[in-house]
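The values are calculated or read from the model by the stated rules, or taken from the named source; none is laboratory data. Remember, it's a predicted structure, so these values are computed and weren't measured experimentally. Cβ atoms come from the backbone with ideal geometry, glycine included; neighbour counts cover every protein chain shown. Only protein heavy atoms, including side chains, enter the accessible area calculation; ligands, DNA and RNA are left aside. Shrake-Rupley method; radii C 1.70, N 1.55, O 1.52, S 1.80 Å.
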Amino acid sequence: IVTANFEPFIEMSGLPFDVVIGTKLKLPEGKIVGKNCWGKEKLNRFLEKFPDRDQYQLIAFGDSAGDKELLGSADVATWV
């Protein structure tokens with residue numbers, strides 16, 4: 001999952017995601033580390049984790065303005 005939500009919250013949710021890419025949060029202080037994983041930053045973080053773009057098909061689903069860049073880079077994009 002690639003989300004603007006805080007990584008620790010998604011990781012602790014119990015949802016079965018193999019990879020969580022989100023806004024980094026320093027605990028217990030609750031301070032954002034780096035940039036919010038939204039918009040262009042969402043795409044940047046995804047490509048940082050999965051750089052060989054010609055080696056896989058990207059299928060993306062989005063439901064907010066912050067998903068626009070990731071959807072634009074996807075082979076198959078679905079606006080939900």
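Some values worked out for this structure:
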read-out: Hits in segment 26-80 (condition: within 14 Å of Glu7 (Cα to Cα) and without any contact (Cβ under 8 Å) to a residue 40 or more places away in the chain); value: Lys26, Leu27, Pro28, Gly30, Lys31, Ile32, Val33, Gly34, Lys35, Asn36, Cys37, Trp38
read-out: Matching residues in segment 51-80 - criterion: being touching an Asp or Glu at 6+ places or on another chain (Cβ under 8 Å), in a loop (DSSP other than H, G, I, E, B) and modelled with pLDDT of 95 or more; value: Gln57, Leu58
read-out: Cβ pairs under 8 Å, 6+ apart, first in segment 1-21 and in contact (Cβ under 8 Å) with a residue 60 or more places away in the chain and closer than 22 Å to Lys40 by Cα, second surrounded by 16 or more Cβ atoms within 10 Å (Cβ to Cβ) and of a type in the set (Lys, Arg); value: Val2/Lys42; Val2/Arg45; Ala4/Lys42
read-out: Residue satisfying all of: in segment 6-44; open to solvent by 30 Å² or more (accessible area, probe 1.4 Å) and in a helix (DSSP H, G or I); nearest to Trp79 (Cα to Cα) among these; value: Lys40
